[in-house]
Amino acid sequence: MSVDLVRVSFTVNGSPYDLELDPRRLLSDALRHDLRLTGTHVGCEHGVCGACTILVDDAPMRSCLIFAVSLDGAAITTTEGLQSSDGGMGPVQRAFHECHALQCGFCTPGFVTTVTAYLRDHPSPSPEDAREAIAGNLCRCTGYQNIVAAVQRAADLVTEGATGACVAPGTEEPT
Amino acid sequence: MKPAPFTYHRPRGLDEALEVLAALGEAGKVLAGGQSLVPLMSMRLSAPAHLVDVNHVPGLATVHVDEHVVRIGALARHSQVEHDAAAYDALPLLRQALRHVAHPTIRNRGTTVGSLVHGDPAAELPAVLLLLDGSVTLRSAERAREVEAASFFIGPMETALRPGELAVAATFRRPATGSGTAFVEVTRRHGDYAVCGVGAVVGASSARVALLGVGPGPVLVDLPDAVRDEPLDDERVHALVEEAIDPEADIHASADYRRHLAHVLVRRALAEAHHRAPGRAA
Ligand SMILES: Cc1cc2nc3c(=O)[nH]c(=O)nc-3n(C[C@H](O)[C@H](O)[C@H](O)COP(=O)(O)OP(=O)(O)OC[C@H]3O[C@@H](n4cnc5c(N)ncnc54)[C@H](O)[C@@H]3O)c2cc1C
Ligand code: FES
Ligand code: FES
């Protein structure tokens, strides 16, 4: 079957794109295959695992549940766009690194985008808040403890700049 | 898996959307938030030939509140409705129920009206619409019609929507002043569809619950023995609920377990709703 390609314009991490896509192209595939932004990962492809979470106009959404052509005019942010202004790791990425909040790293891009958006509205989450914030993202490796610590560490990094250290839940000791 | 190929339509206005839908008839399918439709297409359980993407139709992302109703436009996302302060003041049950719909990330894209039209028997919003005597406004190129909740939900994933129609809004009626409401449910995992769920409205002269997960669609039960200022007759409530429900077993739960949950959750929902009723006798 021949398909009519559909024109769509949006920005990704601030750069404008004007694409002609097969309408069935999922945003996750458009990012990875057409734009070669492979930071966004694809796990379940039906909305459950959260690995593909990106920001659309600053709100976290599943890129595997959106047809790319549907986002005409949108501003999309992927984990690549969450670096610091000097090109190093952004605060959430840095917190995940410092707190050992990843092992294989498959789930991490979805956590980074989700947590970035969450901290904008909830600048100082408790451990319970942090758990609630990440409840829609699955991680097969870490057991979540260090991810919870990273959410709180990221909150500190965002609000205070680069002081303090990572504290694992249930301990007062820096890890 | 990837969705099957389809032809894509991106109307920029309501009239254009209705014309496209009229021309396509049975072949056309509305794409709203896509949070139910896209996974179905990716799993190849659905393969529409034409998708009419209504996300670029202006004027549909509305939450309207007046003294009688809360009316939600087709493009209001679950999260928009959940966080709308006026809607919460007028009808707290909406937020109480929406908090149980999937995860915040899904709620950022999925629409409340889309969830009604999708008609999943485990979905929360159909139960809420039924509980509040709500209705859905359906528009086609020729006419508009208002369908009451009781006749809108026909069966699992089946509603009164006809080919060529767009659901433009859903209207939830506010319960009588002095009523309290609650929504409780049990899920296997946080954010999953519920195994069983119950919404309740308890007022001075009426009390009712709507259950999900215990029938082919939401089940409404009037409970005159649970009104606000009378002592609750547990046995009568149990009997009326028992008579109304007809749970089936599936991979998530046996029929008996669902029945058990239904009774436990009805008690819990009534207690919470009663507790929240502002006018209750001390
Ligand atoms: C992981 C996950 C968990 C979920 N958990 C829950 C849950 O616990 N409870 C729950 O209720 N839902 C849940 N959902 C579904 C979610 O609520 C959807 O947003 C909702 O069911 C459909 O809304 P939508 O806007 O995404 O519709 P779409 O997916 O775009 O459409 C769904 C169907 O409705 C039709 N449709 C949609 N809008 C209109 C309209 N205005 N006029 C005519 N037809 C229309 C479409 O043609 C399609 O057939 C979950 C989804 C995911 C991915
Ligand atoms: S790949 Fe999108 S949620 Fe799993
Ligand atoms: S680090 Fe491997 S899945 Fe999370």
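Bear in mind these aren't lab numbers, they're just calculated from the coordinates by the rules spelled out. Note that the coordinates shown come from a computational prediction; the quantities given were computed from them, not determined experimentally. Note: ideal-geometry Cβ built from the backbone for every residue, glycine included; neighbour counts use all protein chains shown.
Across the residues of A:60-72, average count of Cβ atoms on other protein chains within 10 Å? Display every interim value, and only then the final one.
On the way: counts 6, 10, 10, 0, 3, 13, 7, 11, 0, 4, 12, 1, 5.
The mean count of partner-chain Cβ atoms within 10 Å per residue comes to 6.
Could you work out the relative contact order of region B:27-115? I mean the mean sequence separation of Cα pairs under 8 Å and 6+ apart, divided by the number of residues, in percent.
Details: 130 pairs, mean separation 26.6, N = 89.
Reported as a whole number, the value is 30 percent.
Can you compute the helix-only [θ] at 222 nm over chain B? Use -39500 (n - 2.57) per DSSP H run of at least 4 residues, normalise by all residues, nearest 500 deg cm²/dmol.
-9000 deg cm²/dmol
For region A:57-80 and region B:1-35, what is the separation of their Cα centres, given in Å?
20
Counting alpha carbon pairs within less than 8 Å and at least 6 residues apart, what relative contact order, in whole percent, applies to chain A?
Values: 327 pairs, mean separation 35.9, N = 175.
In percent, rounded to a whole number, it is 21.
Whats the longest run of chain B with zero GluC sites (Glu not before Pro) that are DSSP loop and have at most 14 other Cβ atoms within 10 Å? Write out the running numbers ahead of the final one.
Details: sites that count: B:GLU67, B:GLU142, B:GLU248.
Between exposed loop sites, the widest span is B:143-247.
With only Lys, Arg, Asp and Glu charged, each at its Cβ (+1 for the first two, -1 for the last two), find how big the charge dipole of the protein assembly as shown is about the Cα centre; round to the nearest 20 debye.
Numbers: 39 positive and 55 negative charges, 119 e Å.
Taking the Cα centre of the protein assembly as shown as origin, the dipole is about 560 debye.
What residue among B:LEU132, B:LEU40, B:LEU98 shows peak mean-square fluctuation when chain B is described by a Gaussian network model with Cα springs under 10 Å?
B:LEU40
Order by neighbour count: B:ILE154, B:ILE72, fewest other Cβ atoms within 10 Å first, most last. Display every interim value, and only then the final one.
Values: B:ILE154 13, B:ILE72 31.
So the residues, fewest neighbours to most, are B:ILE154, B:ILE72.
Select from A:PHE106, A:PHE10, A:GLY50 the residue farthest towards the positive end of the dipole of region A:1-135; place +1 on Cβ of Lys and Arg, -1 on Cβ of Asp and Glu, and compute about the Cα centre.
With unit charges placed on the Cβ atoms, the residue in question is A:PHE106.
Efficiency by 1/(1 + (r/R0)^6): what FRET value for B:ASP66 and B:ASP222, r their Cβ-Cβ distance, R0 = 41 Å, to the nearest 0.05?
E(calc), rounded to 0.05, equals 0.95.
Using the Cα centre as the reference, give the magnitude of the dipole from point charges on the C-beta atoms of region B:46-187 (Lys, Arg: +1; Asp, Glu: -1; all else neutral), rounded to the nearest 20 debye. Before the final figure, lay out each step's value.
On the way: 12 positive and 15 negative charges, 38 e Å.
Here the size comes out at about 180 debye.
Taking neighbour Cβ counts within 10 Å as the exposure measure, how do B:LYS2, B:LYS29 sort from fewest upward?
On the way: B:LYS2 13, B:LYS29 18.
Arranged by neighbour count, lowest to highest, B:LYS2, B:LYS29 become B:LYS2, B:LYS29.
Is there a simple number for the mean count of other chain Cβ atoms within 10 Å of the Cβ of residues in B:5-12, and what is it?
5
For region B:68-73, take each phi angle, set θ = phi - 60°, evaluate the Karplus expression 6.51 cos²θ - 1.76 cosθ + 1.60, and give the result in whole Hz per residue in order, putting x for glycine and proline.
Coupling constants for region B:68-73: 10, 9, 10, 10, 10, x Hz.
Using only Cα atoms and rounding to the nearest 10 degrees, what angle (0 to 90) does helix B:255-276 make with the longest principal axis of chain B?
70
What order do you get for A:PHE106, B:PHE183, B:PHE152 when you list them from fewest to most C-beta neighbours inside 10 Å?
Numbers: A:PHE106 17, B:PHE183 27, B:PHE152 24.
Taking fewest neighbouring Cβ atoms as first place, the list is A:PHE106, B:PHE152, B:PHE183.
Helix B:14-24: angle to the longest alpha-carbon principal axis of chain B, degrees 0 to 90, nearest 10?
Taking Cα atoms only, the helix is inclined about 70 degrees.
Counting DSSP beta bridges in the protein assembly as shown, what percent are antiparallel, to the nearest 5? Don't skip to the answer; put the middle values down first.
Working: 54 of 63 bridges.
Approximately 85 percent, going by the DSSP bridge assignments.
At 7 Å along Cα-to-Cβ for each site, give me the label-to-label distance between B:ARG236 and A:ARG7 in nm.
That separation, rounded to one decimal, is 6.8 nm.
Putting +1 on Lys and Arg Cβ atoms and -1 on Asp and Glu Cβ atoms, find which of B:GLY34, B:SER115, B:ALA150 reaches farthest to the positive end of the dipole of the protein assembly as shown.
B:GLY34
Could you state the number of Å between the C-alpha centres of region B:95-126 and region B:248-267?
For region B:248-267 versus region B:95-126, the Cα centre distance is 21 Å.
Peptide B:96-104: average number of partner chain Cβ atoms within 10 Å per residue?
Details: counts 0, 0, 0, 0, 0, 0, 3, 12, 9.
Per-residue shielding by partner chains comes out at 3.
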